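The values are calculated or read from the model by the stated rules, or taken from the named source; none is laboratory data. Since we're looking at a predicted model, the values are computed, not measured. Don't worry about glycine lacking a Cβ; one is built from the backbone with ideal geometry, like all the others, and counts go over all protein chains shown. Each accessible area value is taken on the protein alone, full model and side chains, heavy atoms only, with ligands, DNA and RNA left out. Shrake-Rupley method; radii C 1.70, N 1.55, O 1.52, S 1.80 Å.
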Amino acid sequence: PKPGPSSAATGRITIDGDRIARVPRDLLAHNSALLRPLVFGDLRDADLIDRLSRVDPTLGGLVDSSERSGWVAGIGYQTVRGGTDMPVLRGIPHVIPGAIRPFSVTLADPINVKSIHRTRNPEIYDGPRVVLARGIEADQRIRAAFLRSPASFSESVFAIRAPDGCEDAAQAICAFLNSRIARYLR
């Protein structure tokens, strides 16, 4: 049973008619893992989850396999005393890590710190990229947003920078990360 409108209204566990999934008995006998996707959807959803799981179930695998084609992924800079100056970060807006929401991000004024430790690959601060808040919200959502313009961000943000001509693919990754399927596969 999944909580539905009737459960909320009555305070009891109820199963609404539209929440009943009919599954052939022999299908469950051969695939006990089928029950988990059926809690969230129907047989079509379970088939999609199965196909996605067989291709490459992790975003890390996607990034690792595509780095040779110009994709860059990593976390932002760290600030400490005695670090190095990174001029590329001056004059560009700064991503506020706590303000990354699905499909949106709040930008602040440029940082004025000159001492930066672990500057990371400067390419992640420029060009089309997906930025993710490190960590998952209480409701198990991943928070990802797409940014076209240059922006700086600290180690509290993970970014996936797309190579030139792959902006649509970066937007698709952002949409996927904010989807229920990504939350399920997490």
Relative contact order, percent, segment 90-186 [alpha-carbon distance under 8 Å, six or more residues apart]
31 percent
Mean Cβ-within-10 Å packing, highest first, puts peptides 107-115, 145-153, 87-95 in the order 145-153, 87-95, 107-115
Output ³J(HN,Hα) for segment 98-104: one whole-Hz value per residue in order, computed from phi by the Karplus curve 6.51 cos²θ - 1.76 cosθ + 1.60 with θ = phi - 60°, and x for Gly and Pro.
x, 9, 7, 10, x, 6, 9
Applied in sequence order to segment 23-39, the curve 6.51 cos²θ - 1.76 cosθ + 1.60 (Karplus, θ = phi - 60°) yields integer Hz couplings, x standing for Gly and Pro, of 10, x, 4, 5, 5, 5, 5, 9, 8, 5, 6, 5, 4, 4, x, 6, 5
Surface accessible to a 1.4 Å probe, Thr10 within the full protein complex, Å²:
80 Å²
quick shape note, segment 99-157: Cα extents on principal axes in Å, largest first -> 37, 22, 21
Computed E for Arg12/Ser179 - FRET, C-beta separation, R0 35 angstrom, nearest 0.05
0.65
